[in-house]
Amino acid sequence: MSTKLLLTLILISYTLSNVIGEETGFVGTLHPKSLGLHKKQTLSHFKFYWHDIVSSGANSTSATIIPPLPKYNTTTSFGMVNVMDNPLTLGPELGSKLVGRAEGFYALTSQSQINLLMVMNFALFEGKYNGSTITIVGRNAVSENEKDIPVVGGSGVFKFAKGYAHAKTYFFDPKTGDATTEYNIYVLHYE
């Protein structure tokens with residue numbers, strides 16, 4: 001009888017350690033199944049257009065919260081930080097179907113070129129992705145027509161997501177700063 005009890009307790013202990021994990025103070029080890037990571041992974045492709053409207057007064061979707069650093073006096077606006085709430089549309093025209101918003105900020109990070117550090121959540125509005133976000137963080141060299149920015153995660157359907165966002169400049173007005181960029185996002189996520 002005691003052997004059966006001992007084996008049962010060992011089995012329960014083993015099962016709990018796989019589900020709960022090992023706690024060692026400030027960090028613990030979890031079994032991936034406890035977070036739903038045993039599900040099938042899917043590679044999804046999203047294509048939409050990002051509209052950064054800087055110059056339109058009341059209709060602006062991007063605002064400077066930290067101006068360029070005057071001590072550097074560069075043509076790159078080094079040190080400037082903009083916060084954004086930009087529309088994401090199916091087509092390159094601002095009036096085409098709205099499928100989400102890009103919320104985040106970008107900072108001008110080079111003294112010699114116009115390079116941005118992009119930190120954005122693509123908040124989606126459509127279908128099973130409604131309410132989910134895809135998060136990107138990375139360098140955007142404005143002088144390059146095409147660039148790749150890492151997908152570092154997300155929320156909702158995109159928890160633990162990874163991949164990249166291929167950004168291609170569709171329109172850029174250097175005088176106003178207004179821009180339209182085509183994004184093709186390739187994201188690996190759990191179903």
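The values are calculated or read from the model by the stated rules, or taken from the named source; none is laboratory data. Everything quoted here is computed from the prediction, not taken from an experiment. Cβ: placed from backbone, ideal geometry, glycine included. Neighbour counts: every protein chain shown. When the accessible area is computed, the model is the full protein with side chains, heavy atoms only, and any ligands, DNA or RNA have been set aside. Shrake-Rupley method; radii C 1.70, N 1.55, O 1.52, S 1.80 Å.
Descriptive notes on the structure:
- Taking the 1.4 Å solvent-accessible surface of the chain as the whole, the part contributed by carbon and sulfur is 60%.
- Within the chain, helix-based [θ] at 222 nm, where runs of 4 or more DSSP H residues each add -39,500 (n - 2.57), nearest 500: -3500 deg cm²/dmol
- Extension gain for Gln113 to Lys97 (0.36 nm times residue separation, less C-alpha to C-alpha distance): 2.4 nm.
- Phi-based couplings in Hz for segment 50-64 (Karplus 6.51, -1.76, 1.60; Gly and Pro marked x): 9, 10, 9, 10, 9, 9, 9, x, 5, 8, 5, 10, 9, 9, 6
- Over the chain, relative contact order from alpha-carbon pairs under 8 Å, at least 6 apart, %: 19 percent
- Once the Cβ-Cβ distance of Val152 and Lys47 is raised to the sixth power relative to R0 = 22 Å, the FRET efficiency obtained is 0.65.
- Once backbone amide H atoms are built at 1.01 Å from N, Ile66 has Val81 as its partners under 5 Å, excluding neighbours fewer than 5 places away on the same chain.
- Degrees, to the nearest 10: 2-20 long Cα axis against longest axis of the chain: 0 degrees
- The residues of the chain expose, per residue, 59 Å² of accessible area to a 1.4 Å probe.
- Amide H contacts of Ser110 (H built 1.01 Å from N, under 5 Å, at least 5 apart or other chain): Gly79, Asn115
- Sorting 113-123, 92-102 by their mean Cβ neighbour count within 10 Å, with the most densely packed peptide first, gives 113-123, 92-102.
- Computing Cα extents along the principal axes in Å directly from the structure and comparing it against [x] 53, 39, 26; [y] 84, 41, 29; [z] 58, 43, 28 singles out [y].
- Separation of the Arg139 and Leu90 label points, Cα + 7 Å toward Cβ, nm: 3.7 nm
- Spin-label model, Phe125/Thr64: points 7 Å from Cα along the beta carbon direction are separated by 2.9 nm.
- Other-chain or far-sequence residues with amide H under 5 Å of Leu88's (modelled H): Val99, Gly100, Arg101, Ala102
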